[in-house]
Each structure stands twice: as structure tokens, then as C-alpha cells.
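The values are calculated or read from the model by the stated rules, or taken from the named source; none is laboratory data. In this text, all values refer to a predicted model and were calculated from it rather than measured experimentally. Cβ sites come from the backbone with ideal geometry, for glycine too, and all protein chains shown count toward neighbours. Remember, those area values only see protein heavy atoms, side chains included, never the ligands or the DNA or RNA. Shrake-Rupley method; radii C 1.70, N 1.55, O 1.52, S 1.80 Å.
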Amino acid sequence: MAMEADELEKLIKESIPDAEVMINDLKGDGDHYAAHVVSAEFEGKTRVQQHQMVYKALQGRMGNELHALALQTSAPE
Amino acid sequence: MSDKPVSERIQSEIDDNDIVLYMKGNPMMPQCGFSAAVTQVLTMMNVKFKGVDVLQDGDLREGVKEFSSWPTIPQLYVKGEFVGGCDIVREMHDSGELKQLFDSKGVEYAS
């Protein structure tokens, strides 16, 4: 099973409305993505907390429909 | 099969060892690229760490995800604290934060 990049972006934005999401399909198979998420909501949070916010946005798909997601998160400059 | 709940096993493991890496495969033979990457970072930094192969134990594999509220493997713990997965470890390594963390926590280096 895999996931479309659009759906991935949509899910993230549903949970983190101000997020800027850049997605890269690493293998072209819809199953190994790299995502860079920038959001003011990440301000002051640890990397772990920021990544957890993104995982939460995916509502359990991580490890199921989505096999691998390389994450980079940051607050806006 | 151990009677102890997984969360207790995980807690003792991270309490008893400075650095614990829950991974797929073991440090000599990682079974996934992300686990291999973290193993490589730790080895390069020359710190002592315990690699735990979650592929050997289905309960443990699910247990660590619940324990840390983190859906993927590998997972790095330093002095009982969850530091992150491959992405975070790599970022921290590149920025020098990882070395800072190890030194501030006083972890043991391999000889």
C-alpha cells in the first residue's frame, strides 16, 4: 500500500493549517517520502515534539499505508 | 516469554544503559537503512551503546512505539530520554548537538 504526495500534504495541513509542506518521493513508489514541514506552531518545541505533531497528523498511517517518511521540521525563519 | 510487561522491560533497559538503540537487526548486521545510519553515527562517535533488535520480539517492536509515542524504528534513548529516530539523530550529528548531548549527559565512550 502507498500514499499519494497530495494526500500526505493534505493530512499534514489539516492538522497544522499554517504548514508549508515540501514533499519528495524518494523512490517513486509512493511509499518512501521525505517531507520538510515549516510551521509557526513548531516554535519552541523540540524536534521530537515537532515530528510527533506531524506523525499525529497522519492519523496512524505511518507504518501502515506509509512505510518510510524522512522528516525535517522547522519554525519559519 | 517474559511475564514482565514490555513497558517495564523498556524502562529497565533505558535505565541500565547510557545509550540504547531500538533497531531493526543488530549493530553488526542492521536490517534496515535507517537503523544502519544511526548505528553508523554512534559507531563513528565512539560511544558505548546497546543495540536491541526489535525484529526478534513482536511485543517489543510494538511496545517501544507506544512507550515513546513514536511510530517508527530506529529509536535512540540517551540516559533514559528519547532523543529521536534517524532523521533527528542525523540532524543533531551534523549540527554538533549530538556530541554536546553526549558530553553534557556524561555518556561512556568506547575505549
Compute the long axis of helix A:47-57 from its Cα atoms, compare it with the longest principal axis of the Cα atoms of chain A, and write down the angle in degrees, 0 to 90, nearest 10. 50
With runs of 4+ DSSP H residues as the only contributors, calculate the mean residue ellipticity of chain B at 222 nm using -39,500 (n - 2.57) per run, divided by the residue total and rounded to the nearest 500. -14500 deg cm²/dmol
Could you list, in their original order, any pairs among A:LYS13/B:LYS105; A:LYS10/B:LYS79; B:LYS4/B:LYS65; A:LYS13/B:LYS79; A:LYS45/B:LYS105; A:LYS27/B:LYS50 whose Cα atoms are separated by more than 29 Å? A:LYS13/B:LYS105; A:LYS10/B:LYS79; A:LYS13/B:LYS79; A:LYS27/B:LYS50
Roll a 1.4 Å probe over the protein chains and send me the accessible area per residue for chain A in Å². 54
Between 0 and 90 degrees, rounded to the nearest ten: what's the tilt of helix A:5-15 against the longest Cα principal axis of chain A? 30
In whole percent, the Cα-Cα distances of chain A spread across 5 Å bins from 0 upward as 3, 17, 31, 27, 14, 6, 1, 0
Within 10 Å of each Cβ of B:83-90, how many other protein chain Cβ atoms are there on average? 5
Percent antiparallel among DSSP beta bridges confined to chain A, nearest 5, equals 45
For B:CYS86, B:CYS32, the accessible-area ranking with a 1.4 Å probe, largest leading, is B:CYS32, B:CYS86
Summarise the partner chain shielding of B:68-76 as one whole number: the mean count of Cβ atoms from other chains within 10 Å of each residue's Cβ. 4
Determine the order of A:ASP18, B:ASP57, B:ASP94 by accessible area, beginning with the largest, at a probe radius of 1.4 Å. B:ASP94, A:ASP18, B:ASP57
Partner chain coverage, peptide A:67-73 - average Cβ within 10 angstrom: 4
Once the mean of 1/r over all distinct C-alpha pairs in chain B is inverted, the Kirkwood radius in Å reads 13.9
Whole-angstrom Cα spans of the protein assembly as shown along principal axes, big to small: 46, 39, 28
On the accessible surface of the range B:1-96, probed at 1.4 Å with all protein chains in place, carbon and sulfur together account for a percent value of 47
Roughly how big is the A-B contact, given as buried accessible area in Å² (both sides, 1.4 Å probe, nearest 100)? 1100
Under unit Cβ charges (Lys, Arg +1; Asp, Glu -1), what dipole magnitude, rounded to 20 debye, does chain A have relative to its Cα centre? 340
